[in-house]
1. For a label point 7 angstrom out from the Cα of A:Asp63 toward its Cβ, which stretches of the range A:1-33 have the backbone nitrogen within less than 16 Å?
2. Under the rule a/c < 1.5 gives rounded, and otherwise a/b versus b/c splits prolate from oblate, where does the protein assembly as shown land using the Cα gyration tensor?
3. Among B:Lys87/B:Lys155; A:Lys18/A:Lys155; A:Lys212/B:Lys18, which pairs are too far apart, with a Cα-Cα distance over 30 Å?
4. So how strong a dipole does the range B:173-248 carry about its Cα centre when Lys and Arg Cβ are +1 and Asp and Glu Cβ are -1, to the nearest 20 debye?
5. Hey, in the GNM for chain A with a 10 angstrom Cα cutoff, which one of A:Arg198, A:Arg58, A:Arg105 fluctuates hardest?
6. When each copy gets a label point 7 Å from Cα toward the beta-carbon at A:Glu104, what are the spacings between them in nm, shortest first?
7. Rounded if a/c is under 1.5, else prolate if a/b is larger than b/c, else oblate: which is the range B:173-248, with a ≥ b ≥ c the root eigenvalues of its Cα gyration tensor?
8. Could you go through the range A:198-213 in sequence order and give the Karplus-derived ³J(HN,Hα) for each residue, using 6.51 cos²θ - 1.76 cosθ + 1.60 with θ = phi - 60°, rounded to whole Hz, and x for Gly and Pro?
Number of protein chains: 2
Amino acid sequence: MNPVIVLVRPQLGENIGKAARAMLNFGLTEMRLVSPRDGWPNPNAGPAASGADIVLERAQVFDSVADAVADCAHVYATTVRKRGVTKPVVTPEVAAREVHAAPERSAFLFGPERSGLETEDVALARTILTVPINPEFGSLNLAQAVILVAYEWSKGQALAQPSLTPIDPPAPQEELEGMIGQLDDMLERANFFFPPDRVATSKRTLRTLLTKPAWSSQEVRTMRGVLSALNGAKERRVEAQRASNAESS
Amino acid sequence: MNPVIVLVRPQLGENIGKAARAMLNFGLTEMRLVSPRDGWPNPNAGPAASGADIVLERAQVFDSVADAVADCAHVYATTVRKRGVTKPVVTPEVAAREVHAAPERSAFLFGPERSGLETEDVALARTILTVPINPEFGSLNLAQAVILVAYEWSKGQALAQPSLTPIDPPAPQEELEGMIGQLDDMLERANFFFPPDRVATSKRTLRTLLTKPAWSSQEVRTMRGVLSALNGAKERRVEAQRASNAESS
């Protein structure tokens with residue numbers, strides 16, 4: 001069951017919109033508003049939501065935090081500051097794991113932009129959620145706090161797993177050997193392998209280097225094209241030189 | 001070593017400021033800007049940084065992505081879209097683990113607000129970083145993408161994982177660029193890039209192929225020696241042919 005995002009006494013409609021956008025990016029759709037300062041709906045919320053209108057349309061308004069979380073068994077109070085409340089403090093990561101493990105509904109409380117949650121709001125929660133932040137510069141805004149919580153939650157969603165672009169498999173060994181053989185031939189003609197007692201070592205070094213990339217069949221073909229071009233250019237240039245010399249002689 | 005955040009052709013100063021704020025919240029201080037649209041410094045950045053001035057003051061400006069990541073061995077291109085590029089795709093979580101495990105410097109590339117990174121920018125990176133997002137609503141803005149990457153990185157910071165002593169660290173980007181430039185020159189003279197409208201694509205394909213191996217500095221030097229040998233052989237052979245022709249004429 002997806003957790004609920006509760007904005008407690010939010011001040012600016014713009015920030016409500018940004019929070020909605022942050023939520024929907026990670027698949028959260030249920031927003032609840034406790035006494036929004038400028039009422040609800042708020043014309044500034046929509047433009048800031050950048051298309052996350054469904055979250056705003058479904059948002060419910062409550063008069064108190066208690067009402068807003070009445071159906072939730074697990075309530076997390078998000079705060080960056082330490083408070084004189086003896087409750088467990090968890091990171092977004094740990095909270096996300098707990099929420100996924102719990103069969104009951106969970107809620108995350110976020111306070112007003114300027115002041116954050118009041119002690120009475122925090123008292124309603126069983127757990128405090130704190131984003132571990134730079135102790136010398138803690139300046140998370142409302143939408144940023146929401147996005148970090150939503151992001152962590154989404155990691156536990158099977159649907160949220162990234163579809164990894166499959167990498168082309170490495171070419172069969174014989175294709176790789178063909179390419180290495182081609183290069184070896186070219187380098188032998190170029191007297192690259194010198195002195196003679198270093199030939200085996202040099203060839204092994206090259207082989208190691210060319211085996212490392214795990215190039216696909218297509219990539220090996222491209223490299224062979226490169227080698228043929230370099231070789232062909234040489235041939236063509238020698239031909240051209242010969243023709244030019246013949247002309248001038 | 002802390003990773004570098006590279007904003008590629010950022011449009012609004014406000015968003016540069018927001019990215020700086022996002023970074024400093026999680027202890028990242030090194031920002032690099034590639035051709036910021038409105039120049040630099042930008043008067044709109046400061047107010048949006050909410051006090052993260054140190055990040056803006058230290059920001060360096062570069063003309064190209066290649067210059068901006070010249071000293072970085074691991075470059076991640078952040079993009080939410082699938083691209084026809086065969087590179088590994090990782091989540092911010094996996095990238096953060098890799099960055100902490102690597103003794104060399106890493107860089108995260110972020111594209112312009114409207115369009116994201118261009119294919120040429122992505123081609124410079126060895127790895128693509130994609131935030132797993134709601135497939136029906138992907139709308140992460142620049143600062144949000146930065147904050148998620150910085151947040152994930154900060155998680156590993158406390159742990160201070162020991163380096164895994166890799167056998168051969170990848171060469172810095174500028175060494176790789178040198179090698180690619182050398183090969184490009186040779187192939188241009190060999191008329192490999194043909195027809196003209198395929199030049200950019202062919203060069204990108206080659207770049208992708210040569211970025212894939214994560215060759216070390218030593219390996220890059222070896223490859224440059226190989227290229228020089230192939231090039232020199234051609235010169236020598238032309239010389240020999242010329243001498244032989246002169247003799248016989």
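1. A:9, A:33
2. Taking the square roots of the gyration eigenvalues as a ≥ b ≥ c, the protein assembly as shown is prolate.
3. Values: B:Lys87/B:Lys155 25 Å; A:Lys18/A:Lys155 21 Å; A:Lys212/B:Lys18 40 Å.
Over 30 Å Cα-Cα: A:Lys212/B:Lys18.
4. 220 debye
5. Comparing A:Arg198, A:Arg58, A:Arg105 in the GNM, the peak value goes to A:Arg198.
6. So the label point of A:Glu104 gives 5.2 nm to the other copies.
7. Working: a/c = 4.21, a/b = 1.56, b/c = 2.69.
Because a/c hits 1.5 or more and a/b fails to exceed b/c, the range B:173-248 counts as oblate.
8. Ordered by residue, 3J(HN,Hα) equals 9, 4, 4, 5, 4, 5, 5, 4, 4, 4, 4, 5, 8, 7, 3, x Hz.
The values are calculated or read from the model by the stated rules, or taken from the named source; none is laboratory data. These numbers come from a predicted model, not from an experiment. Because the Cβ atoms are built from the backbone with ideal geometry, glycine has one as well, and the counts that use them run over all protein chains shown. Just the protein is used for accessible areas: all its heavy atoms, side chains included, with ligands, DNA and RNA removed. Shrake-Rupley method; radii C 1.70, N 1.55, O 1.52, S 1.80 Å.
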